[in-house]
Amino acid sequence: MQIWPHKHIHTLANFSIQDYKSVFELANRFDALKNAGTKKIPALQGTLVTSLFFEASTRTKNSFELAAKRLSADVQTFAPSSSSLTKGETIIDTAITYSAMGADTLVIRHSSSYITFEIANKLDAINSKTSILNAGDGLHSHPSQGLLDMYTLVKFFSTKSLNPEILNSKKILIIGDVNHSRVARSNLWALSAFGADIILCGPKTLIPEEFINFFKTPAPNQIDDPVKSRGSITISRSLEESIKIADAIIVLRLQKERMMENLLSSIDSYSLDYGLTPDKLSLNSKEIPILHPGPINRDIEISSKIVDDYPNCLINNQVANGIPIRMALLYLLHKYNK
């Protein structure tokens, strides 16, 4: 495994092919240890991982904290409602405070896009050794979710050794509210890096035509794309036609809390046109994998029958795979700072 090149993890836009392979190789090792009955290793013993979650979270927050504990790190949890934020302290000063307490890694989730870049720049300016790991910032990025989604698909398609190249030319259908989804944006960077062709399907209000040019908007201060050749992005307004040609489906949650205006005529009409049901899924002759980052709005974006009964619904696999992926990210950041 090559030396890890990133002090901070903000986005997958600046991940190289080798970066992805390093994460997956390490995650696979951690997963194998768990399957062999080893649930805790001393890899990060003596380090401090602090989770700063300014938004509600079940899967990501608990997954990161469990990942840190399985690596034997000390875990410090932040609660906004009982912090000095209520007294007027800024988010950046909060981060600086935890860095001064000795945090090796700050895992941050916040409603503002690019806030982790701002915090990292401030910490770097004062020569802090603390790394920032973005756990979701506004509409911008959710790198660990993008990685675990990709890892889940690679494991599904790989019959022998884990090989992300297996995604080359696969048609991955992403359904729903792409415009308000940081998960979808991370999926686009990750899946395209290994040649997957991505179909975005939903109404124009949730998938504007501008997403065709998504790869032309890299990370802040990034000049060159580290991936020289990516898969394609196409946009479809017909779910039925898209399902027919898909090799895998990722269903997105309607991000109603992030919608600044009424973008849908009704939830019922959206569900009728773009909700994934057994009847629509049957249009595909293969038993394709179904993913959803959660939480699920049952029987709105995806049928309960698919969630509960479809054998290749991999939602629980995604949750389980999140732990070794996040273990890998925490470990790699620690190695950078060594």
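A short reminder: the numbers here are calculations on the coordinates, not readings from a lab. Fair warning: this is a prediction, and the values are worked out from it, not measured in the lab. Neighbour counts run over all protein chains shown; Cβ positions are idealised from the backbone, glycine included.
Taking the Cα centre of region 143-318 as reference, the dipole from Cβ charges on Lys and Arg (+1) and Asp and Glu (-1) amounts to some 400 debye.
In degrees between 0 and 90, to the nearest 10, how far off the longest principal axis of the chain does helix 315-337 point, with axes built from Cα atoms? In the chain, helix 315-337 runs at an angle near 30 degrees to the longest axis. The Cα trace of region 88-210 gives Rg and Dmax of 17.6, 54 Å, the first to one decimal, the second as a whole number. Region 203-217 and region 19-63 have Cα centres spaced 33 Å apart.
Here's the picture: charge each Lys and Arg Cβ at +1 and each Asp and Glu Cβ at -1 in region 210-338, and of Tyr331, Cys313, Leu291 the one pushed furthest to the positive end of that dipole is Tyr331.
For region 1-102, a/c is not less than 1.5, where a ≥ b ≥ c are the root eigenvalues of the C-alpha gyration tensor, and a/b tops b/c. That puts it in the prolate class. Taking every C-alpha pair closer than 8 Å and separated by at least 6 residues, the mean separation divided by the residue count of region 278-334 gives a relative contact order of 36 percent.
The radius of gyration of the Cα set in region 143-318, together with its Dmax, comes out at 15.5, 47 angstrom. Annotation: the antiparallel percentage among DSSP beta bridges lying fully within the chain is about 5. Computed over neighbours whose Cβ is under 11 Å from that of Asn14, the net charge equals -3, Lys and Arg +1, Asp and Glu -1.
Holding the Cα-Cα limit at 23 Å, pick out from Lys61/Lys305; Lys7/Lys61; Lys170/Lys280; Lys170/Lys244; Lys7/Lys155; Lys171/Lys280 the pairs that are longer than that. Over 23 Å Cα-Cα: Lys61/Lys305; Lys7/Lys155. The charge dipole of the chain, taken about its Cα centre with unit charges on the Cβ of Lys, Arg, Asp and Glu (plus for the first two, minus for the last two), comes to roughly 1000 debye.
Across region 140-214, the mean sequence separation of Cα contacts (distance under 8 Å, 6 or more residues apart), normalised by length, yields a relative contact order of 36 percent. The residues neighbouring Arg237, those whose beta-carbon lies less than 13 Å from its own, together hold a net charge of -3 under the Lys/Arg +1, Asp/Glu -1 convention. Note down the net charge around Gln45, summing +1 for each Lys or Arg and -1 for each Asp or Glu among other residues with Cβ under 12 Å from its Cβ. Charge balance in the 12 Å sphere: +1. Relative to the dominant Cα principal axis of the chain, helix 182-193 is inclined by about 80°.
Helix 17-35 and the long axis of the chain differ in direction by around 80°, with both axes built from C-alpha atoms.
Relative contact order (percent) for the chain, with alpha-carbon contacts under 8 angstrom and 6 or more residues of separation?
Value for the chain: 22 percent.
Annotation: peptides 186-192, 134-140, 72-78, ranked by per-residue average of other Cβ atoms within 10 Å with the highest first, follow the order 186-192, 134-140, 72-78.
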